[in-house]
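The values are calculated or read from the model by the stated rules, or taken from the named source; none is laboratory data. Since the structure is predicted, the reported quantities are computational estimates derived from the model, not experimental observations. No Cβ is skipped: glycine too gets one built from the backbone with ideal geometry, and neighbour counts run over all protein chains shown. Just the protein is used for accessible areas: all its heavy atoms, side chains included, with ligands, DNA and RNA removed. Shrake-Rupley method; radii C 1.70, N 1.55, O 1.52, S 1.80 Å.
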Amino acid sequence: MKILVINPGSTSTKMAVYYDEKPILLRNITHSAEELAPFDAITEQQDFRRQLVIDELRQSDIPLDFDAVIGRGGLVKPISGGVYEINQQMIDDTLHGCVMHNHACNLGCLIAYEIAEEINAKYAAPKTSANHVADGSPIGVPPINAASPSPRCRSFIADPGVVDELSPLARISGSPLMPRICIWHALNQRAIARRYARGIGKEYEDLNLIICHLGGGISVAAHDHGRAIDANNALDGEGPFSPERAGSLPAADLIRLCFSGKYSEKQLLKRIAGKAGLNAHLGTNNMREILQRIQQGDKHAELIVDAMIYHVAKNIAAEAAVLCGKVDAILLTGGMAHSDYLVSRLRQRIDFLAPVYTFPGEDEMEALALNALAVLQKKREAKVYQ
């Protein structure tokens with residue numbers, strides 16, 4: 001099976017081509033601020049990024065002929081975990097329902113769907129006469145390459161950041177005006193959970209896990225036998241602060257700041273996600289640079305990073321209460337899991353809860369490819385977004 005994987009980020013578009021489980025092409029196409037400047041909204045970048053993907057395929061002599069195109073899912077309505085076939089409802093919700101969450105991941109399903117439709121159109125044979133189609137088959141007899149009953153190339157997303165399997169208790173906050181929602185690293189967390197389970201000869205659905213993704217945003221989730229019953233909103237500001245996110249803040253102080261007249265709505269939103277966390281305290285979100293400053297004796301940088309570790313540990317411990325203390329393992333993943341400084345200090349605070357294992361980086365491209373492959377091989381059924 002030939003699978004094209006597309007994973008748009010804020011300043012890059014990752015793409016990969018897989019033949020079954022084997023990666024044939026891996027690319028990380030970076031986008032400069034100047035290139036993205038002409039686009040007011042993220043969705044306006046669709047054609048620009050799609051063409052870059054097509055160009056990479058052409059330069060690598062890979063024909064536009066795939067069994068599936070799978071994109072990183074966007075921030076649409078809350079859905080359960082799994083693989084979803086992209087449909088018009090998902091496209092409409094991405095284009096018109098994501099105003100509050102203008103994130104690059106919204107481009108994933110748009111580009112995947114467009115490329116798959118282009119492939120299907122290419123192989124839909126046009127009529128050559130009143131009685132025959134292009135391959136000579138009589139009208140009414142499907143030509144060799146006709147889409148029937150399923151298209152030649154299917155388009156999917158899998159485990160987007162809005163996967164919501166929260167328990168009823170987790171949804172309730174202290175105000176009925178603001179029920180809790182989760183926006184988290186669902187794709188990578190589930191991929192790491194399955195990898196860990198395979199490694200110990202078990203199924204993900206057999207385990208109770210706490211998984212923490214340590215990236216530009218930090219998400220912590222309690223996985224109860226294959227369902228993430230509690231997770232934080234790592235995008236909009238909940239949980240520990242991170243290199244780019246403010247995390248949970250004193251509510252009254254935030255409200256006063258909103259009405260202080262010092263900041264516009266746009267500026268304050270940046271103070272929640274973007275110019276927040278380590279970026280706000282230390283002037284950079286680059287962990288290598290910050291850790292180097294600590295090695296050179298920067299005590300302020302050490303204090304701020306240690307505070308971030310402290311709050312991450314608190315959130316992990318809180319998820320242990322969600323699982324009533326029955327935790328098989330704690331898994332640490334994401335880019336910051338490469339740091340011995342962070343991981344060692346985090347272990348000191350949490351390893352009394354359960355064994356701690358690290359899976360540095362992220363496994364999103366392979367996870368997307370394997371999710372698509374499972375559907376194509378009929379090992380898993382694609383869900384319908386509605």
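Structure data summary
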read-out: Options LEU332, LEU282, LEU254: the member that is open to solvent by less than 70 Å² (accessible area, probe 1.4 Å), at pLDDT 95 or above and within 30 Å of HIS223 (Cα to Cα); value: LEU332
read-out: Segment 328-344, residues that are farther than 20 Å from GLU364 by Cβ and either touching a Cys at 6+ places or on another chain (Cβ under 6 Å) or in a helix (DSSP H, G or I) (or both); value: ASP340, TYR341, LEU342, VAL343, SER344
read-out: Residues located in segment 363-386, provided they are outside any helix (DSSP H, G or I) and either open to solvent by 50 Å² or more (accessible area, probe 1.4 Å) or at positive phi (or both); value: GLN377, LYS378, LYS379, ARG380, GLU381, LYS383, VAL384, GLN386
read-out: Close pairs (6 angstrom Cβ cut-off, 6 or more residues apart or separate chains): acidic (Asp, Glu) in segment 350-373, crowded, with 18+ Cβ neighbours inside 10 Å and assigned to a strand (DSSP E or B) anywhere; value: GLU364/ASN7
read-out: Any hit, segment 8-16, residues being of a type in the set (Lys, Arg), under 23 Å from HIS185 (Cβ atoms) and touching a helix residue (DSSP H, G or I) at 6+ places or on another chain (Cβ under 8 Å); value: yes
read-out: Residues being surrounded by fewer than 11 Cβ atoms within 10 Å (Cβ to Cβ) and small (Gly, Ala, Ser) - total across segment 169-202; value: 4
read-out: Scan of segment 342-362 for residues that are open to solvent by 40 Å² or more (accessible area, probe 1.4 Å) and farther than 16 Å from GLY217 by Cα, ordered by number; value: SER344, ARG345, ARG347, GLN348, ARG349, ASP351, PHE352, LEU353, PRO355, TYR357, THR358
read-out: Some residue of segment 48-63 being among the β-branched types (Val, Ile, Thr) and over 22 Å from ALA16 (Cα atoms); value: no
read-out: Residue count for segment 235-261, restricted to those that are farther than 18 Å from LEU303 by Cα, in contact (Cβ under 8 Å) with a residue 60 or more places away in the chain and among the small types (Gly, Ala, Ser); value: 1
read-out: Options GLU265, GLU289, GLU319: the member that is surrounded by 12 or more Cβ atoms within 10 Å (Cβ to Cβ) and without any contact (Cβ under 8 Å) to a residue 12 or more places away in the chain; value: GLU289
read-out: Within segment 172-206, considering residues that are polar (S, T, N, Q) and without any contact (Cβ under 8 Å) to a residue 12 or more places away in the chain, the one nearest to LEU370 (Cα to Cα); value: SER173
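To keep it simple, each residue is scored yes or no on (1) of a type in the set (Asp, Glu); (2) within 21 Å of VAL312 (Cα to Cα); (3) at pLDDT below 95.
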position: ALA121; (1), (2), (3): no, no, yes
position: THR128; (1), (2), (3): no, no, yes
position: GLY136; (1), (2), (3): no, no, yes
position: ASN145; (1), (2), (3): no, no, yes
position: PRO149; (1), (2), (3): no, no, yes
position: ILE172; (1), (2), (3): no, no, no
position: LEU177; (1), (2), (3): no, no, no
position: LEU209; (1), (2), (3): no, yes, no
position: HIS223; (1), (2), (3): no, yes, no
